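The block underneath contains the structure these notes are about, expressed in structure tokens.
The values are calculated or read from the model by the stated rules, or taken from the named source; none is laboratory data. Computed from a predicted model, the values in this text were never measured in an experiment. Methodologically, a virtual Cβ is constructed for each residue, glycine included, from the backbone with ideal geometry; neighbour enumeration extends over all protein chains shown.
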Amino acid sequence: MNELVMVVTQHPKPFIELLAAYWVFSAFVSSMPVPDPGAVDFRRNVIYQSVFTFFHTLSGSLKTAVNDPRLQTLIAKKNGNTEK
């Protein structure tokens, strides 16, 4: 851990740039619209759902990534609970 602190204090510009890039990425991900579970084009919706979940996982928004109604239904079926 000491080495990481030393690298950041000796080279603050790349660290600040990386932090700014992550902040912009996180803002982009937060602005993504929530996928529509009742969409007509199922294939496109599944691809968008996967991208939406993946990006939210990368940005650290795990609550949003896992808060998908279809995923909750799948987990409930796996556990034997068909009620929502």
Problem set entry | Options VAL29, VAL34, VAL46: the member that is in a helix (DSSP H, G or I), under 30 Å from LEU18 (Cβ atoms) and at pLDDT 75 or above | VAL29
For this session: Out of the residues in region 1-17 that are assigned to a helix (DSSP H, G or I) and surrounded by 10 or more Cβ atoms within 10 Å (Cβ to Cβ), state the one that is modelled with the highest pLDDT.
Result: GLU17
Exercise. Of all the residues that make up region 21-39, how many are surrounded by 13 or more Cβ atoms within 10 Å (Cβ to Cβ) and within 11 Å of the chain's Cα centre (by Cα)?
Worked result: 4
